[in-house]
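Following: one structure in structure tokens, then a few remarks.
No value in this document is a laboratory result; all are computed from the given coordinates. This structure is a prediction, so every number in the text was calculated from the model and none was measured. Glycine gets a Cβ as well: all are built from the backbone with ideal geometry, and neighbour counts include every protein chain shown.
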Amino acid sequence: MKLSRRNILKSLGLGALAFTTTPLLGEPNSTLFAPIPDADDPEFWKKIREQFPLNKETVFFNSGTVGAMPRVVVDKMVEHLRYLSVDVADWAYKDDNKEEFISGYNNLMGIRTKVAKLINGTAADIAMTDNVTNGMSYVANGISLQPGDEVLTTDQEHTGGKGGWLVKEKRYGVVFKTVVVPKPAHSSPEVYDVIVKAMTPKTKVLMLSHMITGSGAILPVKELCLEARRRGIFTVLDGAQTIGQIKVDVKDIGCDVYLGCFHKWIGAPAGTGFMYVKADRMKDIWTTVASGRWDNHEDEGFRFTQRGTGNFPVLKGLEAALDFHEEIGQDKVYTRIKFLGERLRTGLRKNKKVKIFSPEDESMCAGITVYNIEGFTGTRIQDTYWAKAKMRPRSQGDQFGVRHCTHIFNSPEEIDKAIAIVNEMAP
Ligand SMILES: Cc1ncc(COP(=O)(O)O)c(C=O)c1O
């Protein structure tokens, strides 16, 4: 049996929680779940936890590195892998441009449409990539800059966000200019001011993380993009940590480029990402990975998707993950993540030996909390968590302790237990 979207929803087994006057899997517009009263409704979230094959003996707090996949995603991938191995001869190649067999040669409109919906973009403006590093390299390599032109960014960007620009600097004499953002950040206006003050007439590109990887700080990207646009600066946002965690609306933000991945917070298989380019800026970016339709300007996103033979089962897994996410609902996912993240930060703040590097202003935080304990290193905290309760946050090194991510498969009990462990480490 092939797993259709209908089968995927059925396999969630969440019927008991559905609003009974709406047919469970009825009209296309009907939703599976009724609005739930509270983000901490335990029954609902227990059911969601059951959709993840994650080992029940362990507690996963590292979605910021690579996320946990729901069962439907794994099933969908395996099913498609089997399908390819059994039925590849059915494929008539030229006459049959199905989104089924090799991913680098068709426009993947089905998946791009789902991605567009997720970020309030347009499918034609979306290119599928393997990850954020990949997409950022397409942009940095593909944009034309002169020696001395400045690319402005912060001191807290991920290597995958910076790498492409560092190549550009070395190869073409472009200046990669970093501005220091306080850690912890105190407020959005503070971050806005330090970045805007660093803009000069030479600034041609503003490249920023929407959410900083090493603190979870959500930057005021809408306001920054507005100011950049006023000055004619091209804006590129790194959304590696936002997609699936907080709501992203590229039209509202007004950026020129937005890059994201699905293998952290959406629960998709590793090696799935996208690049959004605003329609009127597409022509500003040359194709980097090129094949037959490298100069296609009708369906622009497809131009960047000319990647040669790719892995279709992974894309099928991605599609299932996007459906899963949408079916729960972006707002519910965010509310739950934030509820758990805030619970963790509130608990940690009560311990005077804990230093938190995530922003002091809660409106700049969601599911990432970075903290250290007096006298500890990140590795020691990480190892203590594992030894005491098989909990897995991720070390951030000696200074910054651990990054602790909360997601929909986590529970308030797990958060409370984590806080208790911290209090044992630092009584
Ligand atoms: C802010 C940020 N940018 C880029 C990356 C790299 O992402 P990818 O592995 O999808 O290329 C990460 C990964 O953690 C990240 O946090």
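Enter the per residue convex hull volume of the range 193-304, computed from alpha-carbon coordinates, in Å³ rounded to the nearest integer.
Working: hull volume 13.9 nm³, N = 112.
In the range 193-304, the Cα convex hull volume per residue is 124 Å³.
Contour minus end-to-end for Asp416 and Arg231, with contour as 0.36 nm per residue of separation and end-to-end as the Cα-Cα distance? Kindly include the intermediate steps, with their values, before the conclusion.
Working: separation 185, 0.36 × 185 = 66.60 nm, distance 4.72 nm.
Length difference between fully extended and current span is 61.9 nm.
Relative to the Cα centre, what is the charge dipole magnitude of the range 130-201, using +1 at the beta carbon of each Lys and Arg, -1 at the beta carbon of each Asp and Glu, and rounding to the nearest 20 debye?
Details: 7 positive and 8 negative charges, 38 e Å.
So the dipole magnitude of the range 130-201 works out to roughly 180 debye.
Efficiency by 1/(1 + (r/R0)^6): what FRET value for Thr379 and Ala92, r their Cβ-Cβ distance, R0 = 41 Å, to the nearest 0.05? Walk me through the numbers before you get to the answer.
Details: r = 55 Å, r/R0 = 1.34.
Calculated value: 0.15.
So, with +1 on the Cβ of K and R and -1 on the Cβ of D and E, and no other charges, what is the size of the charge dipole of the chain about its Cα centre, to the nearest 20 debye? Numbers along the way, then the final one.
Details: 56 positive and 52 negative charges, 156 e Å.
For this selection, approximately 740 debye.
At 222 nm, what helix-only mean residue ellipticity would the chain give, in deg cm²/dmol to the nearest 500, using -39500 (n - 2.57) for each DSSP H run of four or more? All intermediate terms of the calculation are to be shown ahead of the outcome.
Details: 15 runs with 166 residues, N = 427.
One gets -12000 deg cm²/dmol as the mean residue ellipticity at 222 nm.
Dipole of the range 295-358 (Lys/Arg Cβ +1, Asp/Glu Cβ -1, origin at the Cα centre): which of His325, Phe339, Asn311 lies farthest to the positive side?
Phe339
Defining a contact as two alpha carbons under 8 Å apart and six or more residues distant in sequence, what relative contact order in percent does the chain show?
Details: 834 pairs, mean separation 91.2, N = 427.
Once divided by the residue count of the chain, the mean separation gives 21 percent.
Could you tell me the calculated FRET efficiency between Lys222 and Asp193, based on Cβ-Cβ distance and R0 = 22 angstrom, to the nearest 0.05?
Values: r = 15 Å, r/R0 = 0.70.
Here the calculated transfer efficiency is 0.90.
So which aspartates and glutamates can Lys170 reach, going by Cα to Cα under 19 Å and dropping same-chain residues fewer than 8 places off?
Partners found: Asp149, Glu150, Asp155, Glu157.
How compact is the range 93-321 by the rule of thumb for globular proteins, expressed as Cα Rg over 2.2 N^0.38 Å?
Details: Rg = 17.2 Å, N = 229, 2.2 N^0.38 = 17.3 Å.
Taking N as the residue count of the range 93-321, the ratio is 0.99.
What's the ranking of 385-392, 52-59 by average number of surrounding C-beta atoms within 10 Å, highest first? Don't jump to the answer; show the numbers that get you there.
On the way: 385-392: 15.9, 52-59: 13.6.
Ranked from most to least packed, the peptides come out as 385-392, 52-59.
What number in nm² do you get for the chain if you take the convex hull of its Cα atoms and divide its surface by four? Working shown, then result.
Working: hull surface 87.0 nm².
Taking the Cα atoms of the chain, their convex hull projects to 21.7 nm² on average.
Using the crude model of +1 on Lys and Arg Cβ and -1 on Asp and Glu Cβ, and no other charge, please compute the dipole size for the range 332-425 relative to its Cα centre, in debye to 20. Before the final figure, lay out each step's value.
Values: 17 positive and 11 negative charges, 31 e Å.
Computed charge dipole of the range 332-425: roughly 140 debye.
Could you calculate the contour length gain from Val74 to Ile102, that is, 0.36 nm times the residue separation minus the distance between their Cα atoms, to one decimal place in nm? Intermediate results must be reported in sequence, preceding the final value.
Values: separation 28, 0.36 × 28 = 10.08 nm, distance 1.91 nm.
Extra length from Val74 to Ile102 when fully extended: 8.2 nm.
So which of Lys183/Lys417; Lys264/Lys332; Lys168/Lys222; Lys47/Lys350; Lys114/Lys316; Lys251/Lys283 end up more than 23 Å apart by C-alpha?
Working: Lys183/Lys417 26 Å; Lys264/Lys332 17 Å; Lys168/Lys222 26 Å; Lys47/Lys350 31 Å; Lys114/Lys316 12 Å; Lys251/Lys283 18 Å.
With Cα atoms farther than 23 Å apart: Lys183/Lys417; Lys168/Lys222; Lys47/Lys350.
Which one of Gly254, Phe52, Phe376 has its Cα pushed farthest toward the positive end of the charge dipole of the chain, where Lys and Arg give +1 and Asp and Glu give -1 at the Cβ?
Phe376
Looking at the P(r) of the range 235-294, how many percent of alpha-carbon pairs lie beyond 14 Å? Intermediate results must be reported in sequence, preceding the final value.
Numbers: 1080 of 1770 pairs.
Result for the distance tail: 61 percent.
Please state the relative contact order of the range 93-321 as a whole percent: Cα pairs under 8 Å, 6+ residues apart? Write out the running numbers ahead of the final one.
Numbers: 452 pairs, mean separation 62.4, N = 229.
27 percent.
Which value does Rg/Rh take for the range 320-416 over its C-alpha atoms, Rh per Kirkwood?
Numbers: Rg = 14.2 Å, Rh = 14.1 Å.
Expressed as Rg/Rh, it is 1.01.
Could you compute the net charge surrounding Lys353? Neighbours are other residues with a C-beta less than 13 Å from the C-beta of Lys353; K and R count +1, D and E count -1.
Values: positive: Arg349, Lys350, Lys352, Lys355; negative: Glu374, Glu424.
With Lys, Arg at +1 and Asp, Glu at -1, the neighbours total +2.
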